[in-house]
1. Filter the range 29-44 down to residues that are small (Gly, Ala, Ser), at pLDDT 95 or above and within 15 Å of the chain's Cα centre (by Cα) and give me whichever is nearest to VAL123 (Cα to Cα).
2. Just to confirm my filter: which strands (runs of 3 or more DSSP E) fall fully inside the range 3-54 and include at least 2 residues that are buried (at least 19 other Cβ atoms within 10 Å of the Cβ) and in the same structural domain as PHE111 (by TED's automatic domain parsing)?
3. Pull up the range 119-130, narrow it to residues that are over 17 Å from the mean Cα position of the chain (by Cα) and without any contact (Cβ under 8 Å) to a residue 40 or more places away in the chain, then point me to the one that is surrounded by the fewest Cβ atoms within 10 Å (Cβ to Cβ).
4. So which residues in the range 225-253 are more than 23 Å from the chain's Cα centre (by Cα) and either outside any helix (DSSP H, G or I) or not assigned by TED's automatic domain parsing to the domain that holds ALA267 (or both)?
5. Give GLN150, GLN161 a once-over and let me know the one that is modelled with pLDDT under 95, surrounded by 15 or more Cβ atoms within 10 Å (Cβ to Cβ), over 19 Å from HIS257 (Cβ atoms) and of a type in the set (S, T, N, Q).
6. Considering each residue of the range 109-135, count those that are more than 16 Å from ILE187 (Cβ to Cβ) and either part of a loop (DSSP other than H, G, I, E, B) or of a type outside the set (Val, Ile, Thr) (or both), and give that number.
7. May I ask you to verify whether ALA201 is surrounded by 21 or more Cβ atoms within 10 Å (Cβ to Cβ) and more than 16 Å from the chain's Cα centre (by Cα)?
Amino acid sequence: MEALKKIIPGVVTELNKFVQRLTAPNPGAMTGPGTNSYIVGEGILAVIDPGPAIESHVRKLIEATGERLRWIVCTHTHLDHSPAAAMLNKATGAHVLGMPAPDDGRQDMQFRPDRVLRHGDVVDLGRHTLRAVHTPGHASNHLCYLFEQQKLLFTGDHIMQGSTVVISPPDGDMQAYLDSLAKLLEIDIAALAPGHGHVIADPRVEISRLIAHRLRREQKVIDAFGRKNPATLDELLPVVYDDVAQKLHPVARRSLHAHLIKLARDARVRENGGFWECFDLQGVSRL
């Protein structure tokens, strides 16, 4: 089975007759085996997430698509997903599609889409279609793409296999992320093709698991105030993420901040001078 095979960057893997995966050589703690670029279609081809600006990766995308490449489609503009779009566009003339980059210091500000996509827009591949699904949360400009004929959803960083997604304020938004996950439960999806890792075969199970995981983490935030209230982000961090390796705490701190912002909007906590105070201690778990 494909899911049991090791992902090898630089090797084109055929997932089915109309979908190939080429993983970029950028493995790491945040990217897993590397960023997945997907080649989708038959006569007319699209590349979903061309990846980071690595010449060898772009060259292999060109070799795999030849003169049939018409669309370069980006899920979002984080630096491991969209920078190669300009290189691939220059080499092939294929049109770049996606949403403009928000300016939060973590984006590919050189990204210039030839066509700005919105929720529900369709990318025409001749006999096949990709439909854009706006899924803000990880990034405000995040789009998933539904390969309608196969009910296969390309999820970018909205859902990753083998890992949870980092939500980094100010552009990342925890409530938007939860709402976007819930939106996917309303769509008929057969499988998920993530931006990092293997294809996920049980979409509803995985999406429901992710929602439950985030809500459990939110409860851990509330519970942490039972130990100290008010508290700083750095005081809450080792309590809320005691199940995460300490080397990952700087990244987890971003998601903690996103949880606190959501809780503040829910009128359960408030921030004053770098200290967060919970005034909903009745919600603290006694388990």
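The values are calculated or read from the model by the stated rules, or taken from the named source; none is laboratory data. As the structure is a prediction and not an experimental result, all values here were calculated from the model. Every residue, glycine among them, receives a Cβ derived from its backbone with ideal geometry; neighbour counts consider all protein chains shown.
1. SER37
2. Hits in the range 3-54: 19-23, 36-41, 45-48.
3. Just the residues of the range 119-130 that are over 17 Å from the mean Cα position of the chain (by Cα), to begin with: 120-130.
With without any contact (Cβ under 8 Å) to a residue 40 or more places away in the chain added as a condition, the list becomes 120-122, 129.
Details: GLY120: 9, ASP121: 16, VAL122: 13, THR129: 15.
This residue is GLY120.
4. PHE225, GLY226, ARG227, LYS228, ASN229, PRO230, ALA231, THR232, ASP242
5. The match here is GLN161.
6. Here the count works out to 14.
7. Against the criterion (surrounded by 21 or more Cβ atoms within 10 Å (Cβ to Cβ) and more than 16 Å from the chain's Cα centre (by Cα)), ALA201 does not qualify.
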